[in-house]
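So the structure is just underneath, and the comments pick up after that.
The values are calculated or read from the model by the stated rules, or taken from the named source; none is laboratory data. The shown structure was predicted, so the numbers you read here are calculated from the model rather than taken from an experiment. Note: ideal-geometry Cβ built from the backbone for every residue, glycine included; neighbour counts use all protein chains shown.
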Amino acid sequence: MTTARVPSTAVRAASTAVFVSFLLNGFNFASWASRLPAVRDELGMEPEQLGLLLLVASIGSICALPLSGLVVQRLGARRAIITFATVNVAGLLFAALGVALTSLWLVVPALVLFGVGTGVWDSAMNLEGAAVEQALGRAIMPRFHAGFSFGTMAGAGVGAIAAALHASVLAHLSIGLVLSLVGVVVSARWFLPEGTHDAHSDDTDAASSPHAPRRSRLGAWGEPRTLLIGLVVLAAALTEGAANDWVSLAVVDGFGTDHATGAIGFGIFVTAMTAMRLLGTGLLDRWGRIAVLRLSAGLSIVGLLVFGLVPSLVVALVGVVLWGMGAALGFPVGMSAASDDPRRAAPRVAVVATIGYSAFFVGPPLLGMLAQHVGYRQALLAIAVPVVVGLLVLPAARPLPTAAGLAPRDGAAPAGDAGPQDVPRDPRDGTTADPATSVPGRGGPSLEP
């Protein structure tokens, strides 16, 4: 098999384009989230009703993600991102219109539409990011996810300005999201050529065929390695999502402070997470995937324990820093691990993303119920349990072997390689013979460290 090679200038341009896509995805999310107080007031909702409304978008994402791999295979990453960024924006604009009309019956289906757009857009941009990462021959996915974090910071800032100017939610989102969509369409022009994502692999062509066997389409759900990577991502998503939802309230109620201090606590978490994502590329290049994921899990556990148990607010905020650093890399590194074989990356990324996003679906209500009995700070200690589980299955995220051998230091790809590697084929059925489809006792790799 010959591997399609992409000029380095094109790869660098694609890297910038993917970063912009992540940034605008985060901007759209934060644009809506930053106006939730206005949404609550306009719709006259009680806190518990608003909590249920927040779950609606998650329902759309969870429904869309299992099929996102097939969608990306059919449309290609570029068209999938443009199409579902449009769905994302349309959903939010209809939701804003529903707020203006005080019509909950319009807001709810609009948020489902927003969730669908977000889910497929997220899966497609992670797949494109993995393709760029493999073309570069080094880990860069954390930097893309840092772009998402920067986007949320920008969206929250613009939302704060709009609120201070008493701009309506509809006016604010109409301007911001239309400009965001233009940015997505323009940046997508610089993505990698579609043929380089799979190096013209027969496997991908077969999987995208309407007559493809069921195993080719949905077989990733039966792969032990893929499911274990999903658990790693689930733990990271719970760690991040719990902070997004509850850390400001935990600071306010746990230490008897004002709302401004609670907002500072959340800001500290986001800043620590963004900084770690910027540092993540260098850490992965130097120490490898597994060592970095172990460090992340350790930081998360220590940070959660410090925040949940110490009586001093200042020390607790140090725990928030450790917590944010620990939460930063699990999701992006898990996406890289799911994409190790480019020819099966789309369905595997869809599976891992679906498992990870389920954290945002079940985490908030479960922690909320627990907090009613033990308080916010102590309830957040429960997040340490899935983090420990994720730590135990981390070896599943080791890079897949290739025809040229394992990638150095668990990195994204062998240094100097401009594209995906050949993966041995199983002579029995012609499918890719990789560890993700192996089971214990049948030739799969050991999951021992």
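Here are some notes:
- Of the residues making up the stretch 276-283, none is buried (at least 18 other Cβ atoms within 10 Å of the Cβ) and within 23 Å of V374 (Cβ to Cβ).
- Of the helices (runs of 4 or more DSSP H) that lie entirely inside the stretch 32-119, those containing 3 or more residues that are farther than 23 Å from V158 by Cβ span 47-75, 77-100.
- Looking across V72, V107, V99, V116, one residue alone is surrounded by 20 or more Cβ atoms within 10 Å (Cβ to Cβ), farther than 30 Å from F266 by Cβ and modelled with pLDDT under 95. It is V72.
- Selected residue [crowded, with 21+ Cβ neighbours inside 10 Å, in contact (Cβ under 8 Å) with a residue 40 or more places away in the chain, under 23 Å from L67 (Cα atoms) and touching a helix residue (DSSP H, G or I) at 6+ places or on another chain (Cβ under 8 Å)] from A162, A146, A130: A130
- Helices (runs of 4 or more DSSP H) fully within the stretch 277-360 counting 3 or more residues that are within 30 Å of L75 (Cβ to Cβ): 330-338
- Residue match in the stretch 131-143 (condition: in contact with a Leu (Cβ under 8 Å, 6 or more places away or on another chain), at positive phi, in the same structural domain as A77 (by TED's automatic domain parsing) and not in a helix (DSSP H, G or I)): no
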